[in-house]
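K.L.:
Structure incoming, see below.
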Amino acid sequence: MWAGYAFAKDFRCGQCHDEYYFQGKEKRLTYPWDKGLKIENILAYYEENGHKDWTHALTGAPVLKAQHPEFEMWNQGIHARSGVACADCHMPYQRVGALKISDHHVRSPLLNINRACQPCHHFSEEELRSRAEAIQERTFKLRNQAMDALVGLITDLKAAKDAGRPDAELAPV
Ligand code: HEC
Ligand code: HEC
Ligand code: HEC
């Protein structure tokens, strides 16, 4: 089943840190990746198979919720393309006595930039932190813009529904 997928495979962490749903009556754990890992691929998959996570109470719209798609996000980034695995950042090597072992305190690599990033990047901690935070701040702003637009849409949809516009007319929205 996996052979056809053309993306970097790190299923040690990707078993859990990804988007999935429970299919059918037997509730089989299923990854919606037949068309690829990008959000538009996953949406196309769900639109074809008709799965929804729940029905929105105000609008009646079928809703999907991405669980925690770290695996998918990582796959679209420069680190996966460069062969850097989850554990390289989240479980960096540490020295214990004469031994070198991977750190099993899995946590934010930004708490540990020295061991998580600097074996590969010879820039200061401040620069590495600020690169990561700039990406986070940009993403957070974009998310907030999208959320405001979405709440506007929900309000309008509810008003249209309350005004008696038929479901068939509202479905594309
Ligand atoms: C069996 C499922 C499973 C696997 C496999 C797994 N995780 Fe997790 N991980 C979880 C769950 C569940 C949580 C949330 C735990 C909580 O909030 O108490 C979590 C939390 C985390 C966190 C957040 C920790 C924090 O500081 O709050 C990180 C980072 C993380 N995992 C990274 C990884 C990495 C890297 C791997 C592979 C080496 C991995 N996980 C493998 C299930 C898994
Ligand atoms: C290049 C390094 C790098 C790689 C590779 C990487 N991560 Fe991360 N990860 C980060 C950074 C940096 C953060 C943000 C931490 C913060 O804001 O404190 C993060 C955040 C997370 C979080 C949220 C932690 C929390 O406390 O909320 C999880 C879960 C996680 N990563 C899992 C994964 C998984 C699973 C993979 C592989 C599929 C992966 N990461 C690959 C660097 C990496
Ligand atoms: C195992 C090696 C490795 C580790 C660990 C690693 N990186 Fe990278 N990183 C790379 C490679 C390879 C690239 C691709 C560019 C290059 O070749 O320098 C890259 C690229 C980047 C870029 C440039 C992204 C862009 O789009 O231009 C940033 C920023 C970055 N890493 C930050 C981090 C941070 C922060 C950490 C620690 C949380 C980290 N990296 C951990 C190897 C690593």
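The values are calculated or read from the model by the stated rules, or taken from the named source; none is laboratory data. Nothing here was measured: the structure is a model prediction, and the numbers come from that model. Every residue, glycine as well, gets a Cβ built from its backbone with ideal geometry; the counts of neighbours run over all protein chains shown. Each accessible area value is taken on the protein alone, full model and side chains, heavy atoms only, with ligands, DNA and RNA left out. Shrake-Rupley method; radii C 1.70, N 1.55, O 1.52, S 1.80 Å.
K.L.:
Count charges around Glu48 for me, please; just the other residues with Cβ under 15 Å from its Cβ, Lys/Arg as +1, Asp/Glu as -1.
P.N.:
So the surrounding residues net to -1.
K.L.:
Ok, one more. Return the sequence-ordered ³J(HN,Hα) values of the range 89-103 in whole Hz as given by the Karplus equation 6.51 cos²θ - 1.76 cosθ + 1.60 applied to θ = phi - 60°, using x for Gly and Pro.
P.N.:
After applying 6.51 cos²θ - 1.76 cosθ + 1.60, I find 8, 8, 9, x, 5, 9, 9, 10, x, 8, 9, 10, 10, 7, 6 Hz.
K.L.:
So, one more: Go ahead and estimate [θ] at 222 nm for the chain from helices alone: -39,500 (n - 2.57) per DSSP H run with n ≥ 4, summed, over the residue count, rounded to 500.
P.N.:
-12500 deg cm²/dmol
K.L.:
So, how do all the Cα-to-Cα distances of the range 1-84 break down into 5 Å bins, in percent, from 0 on up?
P.N.:
Percent of Cα pairs in each bin: 3, 13, 23, 25, 18, 10, 5, 3, 1.
K.L.:
In degrees from 0 to 90, rounded to the nearest 10, what is the angle of the helix 125-162 Cα long axis to the longest principal axis of the chain?
P.N.:
Taking the Cα atoms of the chain, the angle to 125-162 is about 10 degrees.
K.L.:
Using a probe of 1.4 angstrom, how much of the accessible area of the range 9-76 is carbon and sulfur, in percent?
P.N.:
57
K.L.:
What cysteines in the chain have no other cysteine with a beta carbon less than 4.7 Å from their beta carbon?
P.N.:
Within the chain, the cysteines lacking a partner Cβ under 4.7 Å are Cys16, Cys89, Cys117, Cys120.
K.L.:
Could you list, in their original order, any pairs among Lys35/Lys65; Lys65/Lys161; Lys38/Lys161; Lys9/Lys141 whose Cα atoms are separated by more than 28 Å?
P.N.:
In this structure, Lys38/Lys161; Lys9/Lys141 exceed 28 Å between Cα atoms.
K.L.:
Taking the Cα centre of the range 1-84 as origin, work out the dipole magnitude from +1 charges on Lys and Arg Cβ and -1 charges on Asp and Glu Cβ, in debye rounded to 20.
P.N.:
160
K.L.:
Using only the Cα atoms of the chain, each taken as one equal point scatterer with no solvent, compute I(q) by the Debye sum, divide by I(0), and report log10 of the ratio at q = 0.08 Å⁻¹.
P.N.:
Computed log10 I(q)/I(0) values: -0.38.
K.L.:
Next up: Accessible area per residue, 1.4 Å probe, Å², for the chain: what's the number?
P.N.:
Per residue, the chain has 73 Å² of solvent-accessible surface.
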